[in-house]
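Undergrad: Structure in structure tokens, see below.
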Amino acid sequence: MVIELIVRISSGIPGLDKLVGGGGGSFAENTVTLVYGPPKVGKSVFSYQFAFEGLRNNEPCLYISTDYGLKDIERNIANFGWNLDEYIENESFYFIDAISTIAGVEVESKPNYFLSSVHNPTDIMVKLGMAMRQIISKSPRFRSVLDSLTTLMAFNDEVLIVRVLTVYIMRIKESGGTAIVTYTEGSASSKVENMLKAIVDNIIHLDGENLTIEAMIGGGKVKGQYDITPKGIVVD
């Protein structure tokens, strides 16, 4: 009998690693996790912590944002006491900006900054490939965030975005990455929501009070209370 060892990586969220795996990490390496729930319950904060934890441990991060430009992300993250400057400068933080073009914001070109549009999911996937080629030439492991599917679905056919997510997952996993994808509950039909859940590895639901792990490779369903503090999400 072959016993497969699950390597877990830290979420960066105090209390979550202990809740999931006894403190040895939360997410099985090379998996994709859907973090979903109602609006304003901490999905993006969850993503920031996951991304920053990787950067602190010399894991590059590829961040796709459909809601905020780079300056906004820097400011949002700085609100919790984390600074991206070093990681942008040394090109370990890669950013695909899919919102600034339609917001009319002028941006400064950087080797690790890729401008795209929520109107053009195909171009987002092209920029994903460009960024990943740079990342995997530097590191055998990396993290990625897609925040969020909700905005992509607002500008595109829902089923198309499910196909885009499938491509994203395939590329991330083929290249050795571990990813978080966010989605606002109820933004799409129940059929599409079920499709989203079917193609990811892990599922976490946030409701503003409870963090519920609905599915997790190597683990069962579990629930814990959480708070959004000045230092980010903390799970009790």
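Undergrad: Need the C-alpha centroid separation for segment 114-190 versus segment 197-236, integer Å.
TA: 21
Undergrad: Further question: How long, wide and thick is segment 20-88, going by the Cα atoms along their three principal axes, in whole angstroms, largest first?
TA: Principal axes ranked by extent give 35, 32, 20 Å for the Cα atoms.
Undergrad: Farthest toward the dipole's positive end in the chain, which of VAL164, SER47, ILE73, given Cβ charges of +1 (Lys, Arg) and -1 (Asp, Glu) about the Cα centre?
TA: Highest projection toward the positive end goes to VAL164.
Undergrad: While we're here: Can you give the extra length, in nm with one decimal, that the chain gains between ASN57 and GLU91 once fully stretched, where that is 0.36 nm per residue apart less the Cα-Cα distance?
TA: Details: separation 34, 0.36 × 34 = 12.24 nm, distance 1.43 nm.
Contour length minus Cα-Cα distance gives 10.8 nm.
Undergrad: Follow-up. Compute the Kirkwood hydrodynamic radius of the chain, taking the inverse of the mean of 1/r over all pairs of distinct Cα atoms, and give it in Å to one decimal. Could the numbers behind the result be given before it?
TA: Numbers: mean 1/r = 0.0563 Å⁻¹.
For the chain, the Kirkwood estimate is 17.8 Å.
Undergrad: Could you please state how large a percent of the accessible area of segment 3-151 is carbon and sulfur, counting protein chains only and using a 1.4 Å probe? Working shown, then result.
TA: Details: 3200 of 6300 Å².
Percent of accessible area from carbon and sulfur atoms in segment 3-151: 51.
Undergrad: Output ³J(HN,Hα) for segment 224-233: one whole-Hz value per residue in order, computed from phi by the Karplus curve 6.51 cos²θ - 1.76 cosθ + 1.60 with θ = phi - 60°, and x for Gly and Pro.
TA: Rounded to whole hertz, the list is x, 7, 9, 10, 9, 10, x, 10, x, 6.
Undergrad: Which whole-number value in Å² is the accessible area per residue of the chain, probe 1.4 Å?
TA: On the way: 10670 Å² over 236 residues.
Accessible surface, normalised per residue, equals 45 Å².
Undergrad: If GLU214, GLU59, GLU86, GLU174 are ordered by their accessible area, calculated over protein heavy atoms with a 1.4 Å probe, which sequence runs from highest to lowest?
TA: Numbers: GLU214 60, GLU59 20, GLU86 115, GLU174 140 Å².
Sorted descending by solvent-accessible area, the residues read GLU174, GLU86, GLU214, GLU59.
Undergrad: In the full protein assembly as shown, how much of ASP67 is accessible to a 1.4 Å probe, in Å² to the nearest 10?
TA: So the heavy atoms of ASP67 present about 60 Å² to solvent.
Undergrad: Same structure, new question: Work out which helices of the chain, taken as complete DSSP H runs, extend at least 18 Å along their axis over the Cα atoms and score a mean Kyte-Doolittle of 1.0 or more, then list them.
TA: Working: long enough: 43-56 (20 Å, -0.04); 121-136 (22 Å, 0.68); 158-174 (24 Å, 1.05).
Sorted by number, the helices that extend far enough and score high enough are 158-174.
Undergrad: What per residue convex hull volume, in Å³, comes out for segment 1-140 when only alpha-carbon positions are used?
TA: Working: hull volume 21.0 nm³, N = 140.
Taking the convex hull of the Cα positions in segment 1-140, it is 150 Å³ per residue.
Undergrad: OK, next. Where Rh is the Kirkwood radius over the Cα pairs of segment 79-132, the temperature 25 °C and the viscosity 0.890 mPa s, what D in µm²/s does Stokes-Einstein return?
TA: Values: Rh = 12.2 Å.
Diffusion coefficient, whole number: 202 µm²/s.
The values are calculated or read from the model by the stated rules, or taken from the named source; none is laboratory data. All of these numbers come straight from a predicted model, not from anything done at the bench. Here Cβ is always computed from backbone atoms with ideal geometry, including for glycine, and neighbour counts include all displayed protein chains. All accessible areas refer to the heavy atoms of the entire protein, side chains included, with ligands and DNA or RNA removed. Shrake-Rupley method; radii C 1.70, N 1.55, O 1.52, S 1.80 Å.
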